[in-house]
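A quick write-up on the structure given underneath.
Just so it is clear, none of the values below were taken in a lab; they were calculated from the coordinates. Keep in mind that this is a model prediction, so the values were computed, not measured. Note that each Cβ is placed from the backbone with ideal geometry, even for glycine, and that neighbours are counted across all protein chains shown.
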C-alpha cells in the first residue's frame with residue numbers, strides 16, 4: 001500500500017496541478033510548448049548525456065542495456081512479420097502500431113515512477129540508463145515511421161530526410177556525445193557535471209506537471225481504438241519483456257523489474273505534438289495519452305506486485 005501511495009499520489013497530484021493551472025488560466029495556451037522545449041532541448045539531453053557519461057560499461061551494464069532493448073526489437077519484428085504476411089495490409093496501421101508501442105514516456109514518466117517506487121540512487125541510475133538507451137532506439141524508430149507516413153509513396157528524399165531529422169535530434173545527439181566522451185575517457189569539469197545534474201534532475205517534476213497541461217482542451221475521439229492501442233504498452237510489451245528476462249536473457253530480479261516497468265510506461269507525451277505536426281491520427285493519439293496516463297498509476301502498481309512473484 002505504501003508503494004502505491006508513493007507512486008500514484010505524487011504523479012496524479014502533479015498532473016492535476018498542471019491541468020488546473022491551464023484550466024484556471026494561470027498558464028495560457030501554448031505555454032506547454034515552452035515547458036516541452038525546455039525538457040526536450042535542455043533537461044533531457046543533460047540527463048541522457050551525464051548518465052551515459054558516468055556509466056561504467058562493464059559486462060553487467062552491457063547485458064542490462066541489451067536486455068532493455070530486446071523487447072523493442074522483438075516487438076518491431078512481430079509487426080514486420082504480420083505486415084509481410086499480409087495479416088495487416090495497411091501500412092498506416094503498421095506505422096500507428098509501431099509508434100504507439102515503441103515510443104513510451106520512459107524519461108518523462110518512467111524515471112519519476114521508478115524514483116517514487118524505489119527511492120534509491122541505484123533505481124534512478126538504472127531507470128535513467130534504460131530511458132537513454134531505449135529512447136535512443138525508440139526515437140529513431142518512431143521518427144522513421146512518422147516520416148514514412150508523411151512521405152508515403154516513392155520518394156528519393158526519404159533517407160536524406162530521415163538522416164537530417166536524426167542529426168538535429170537533441171536526445172539522439174546527447175546520448176551519442178555522452179557515449180563518445182565516456183569511451184575516449186575525457187573527464188568533464190566538476191562545474192559542468194554539476195550543472196548537467198541540476199538540469200537533468202528537473203526532468204521528472206516538470207514533465208509530469210506538463211502532462212496535465214497537454215491533456216487540457218484536447219479533442220478526444222476514437223476512444224475504443226485508443227483503449228485497444230493502450231494495451232500494447234499495458235500488457236503486450238511488458239509481457240514480451242517478462243518472457244525475454246525470465247526465459248531467454250535472465251538478469252537479477254531488481255534489474256529485470258525495472259526493465260519490465262519501463263516497457264510498461266504510458267505512451268510518450270510528445271506524441272501529441274508529433275501527431276499534430278505529421279497529421280497522424282490526432283484524436284486517437286490524444287485519447288491514447290489520456291487513457292494510458294490515467295490508467296498507468298494503477299496498472300504499473302499491479303505490475304509491481306506481479307513482478308515480485310515472477311522474478
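Please work out which option in (i) 11; (ii) 33; (iii) 26 gives percent of Cα pairs over 37 Å apart calculated from these coordinates, and answer with its label.
Among (i) 11; (ii) 33; (iii) 26, the one derived from this structure is (i).
With a 10 Å cut-off between alpha carbons and a GNM built on the chain, which of 238, 170, 45 moves the most?
Judging by the Gaussian network model, the answer is 170.
Need one number: nm distance between label points at residue 60 and residue 73, each 7 Å from Cα along Cα→Cβ, rounded to one decimal.
Reported label-point gap for residue 60 and residue 73 is 2.3 nm.
Between 292, 230, 37, which gets the highest mean-square fluctuation from a Gaussian network model of the chain, Cα cutoff 10 Å?
37
Any chance you could list P(r) for the stretch 195-279, counting all Cα-Cα pairs in 10 angstrom bins from zero, rounded to whole %?
Histogram of Cα-Cα distances, whole percents per bin: 14, 32, 33, 20, 2.
For a label point 7 Å from the Cα of residue 283 along Cα→C-beta, name the residues of the stretch 202-220 whose backbone N is under 17 Å from it.
Correct set: 217-220.
Roughly how large, in nm² to one decimal, is the mean projection of the convex hull of the alpha-carbon atoms in the stretch 33-145?
So the Cα hull casts an average projection of 8.4 nm².
Rounded to the nearest 500, what is the 222 nm mean residue ellipticity of the chain from helices alone, with -39500 (n - 2.57) per DSSP H run of 4+ residues and division by all residues?
Roughly -24000 deg cm²/dmol at 222 nm, from the helical runs in the chain.
When the chain is modelled as a GNM with alpha-carbon springs shorter than 10 Å, which of 81, 94, 267 fluctuates the most?
Greatest mean-square fluctuation among the candidates belongs to 81.
For residue 177 and residue 23 in one chain, what is 0.36 nm times their gap in residues minus the Cα-Cα distance, to one decimal in nm?
51.5 nm
Label-point separation (nm) for residue 309 and residue 89, each offset 7 Å from Cα along Cα-to-Cβ?
It works out to 4.3 nm between the two label points.
Rank these for me by crowding, 197, 263, going from fewest to most other beta carbons within 10 Å.
So the residues, fewest neighbours to most, are 197, 263.
Considering only C-alpha atoms, what is the centroid distance from the stretch 226-281 to the stretch 286-304, in Å?
First find each Cα centre; the distance between them is then 11 Å.
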